[in-house]
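The values are calculated or read from the model by the stated rules, or taken from the named source; none is laboratory data. Predicted model, so just to flag it, every value in this text is computed and none were measured. Cβ placement follows ideal geometry from the backbone for every residue including glycine, while neighbour counts extend to all protein chains displayed. Protein only, heavy atoms only, side chains kept; ligands, DNA and RNA dropped before computing areas. Shrake-Rupley method; radii C 1.70, N 1.55, O 1.52, S 1.80 Å.
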Amino acid sequence: MTRAVLRYVPHTIRHAPEGGVTYEAFCVAEGCGAESGAHGEQGDAQDWALRHAGRTGHDLFRRVFTDHARVTRAT
């Protein structure tokens, strides 16, 4: 018979500033599918969406903010 000993080890997860944050915008107008691409500054993705809206009249976008996180054992 095989036996295993399991124990709970608490961990925490926090934003890792060295990983930065990525900002993206996606046009969700029917049939469009245009996207800003990943940007390191929120204003760049926002500017893309504003320009795209001005050129096409599309007015609905999905915004994605991605950060990096580090998991460490709680002490």
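Per-structure values
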| read-out | value |
| --- | --- |
| Spacing of the two label points (7 Å from each Cα toward its C-beta) at Ala34 and Ala4, in nm | 5.2 nm |
| Spin-label model distance (nm) - Arg63 vs Arg51, 7 Å beyond Cα toward Cβ | 1.8 nm |
| Surface/4 estimate of mean projected area, convex hull on alpha-carbon atoms of segment 1-40, nm² | 7.4 nm² |
| Solvent-accessible heavy-atom area per residue, rounded to whole Å², over the chain at 1.4 Å | 81 Å² |
| Rounded tilt (10° steps) of 42-56 against the dominant C-alpha axis of the chain | 40 degrees |
| Longest to shortest principal axis, alpha-carbon extents of the chain, angstrom | 67, 32, 14 |
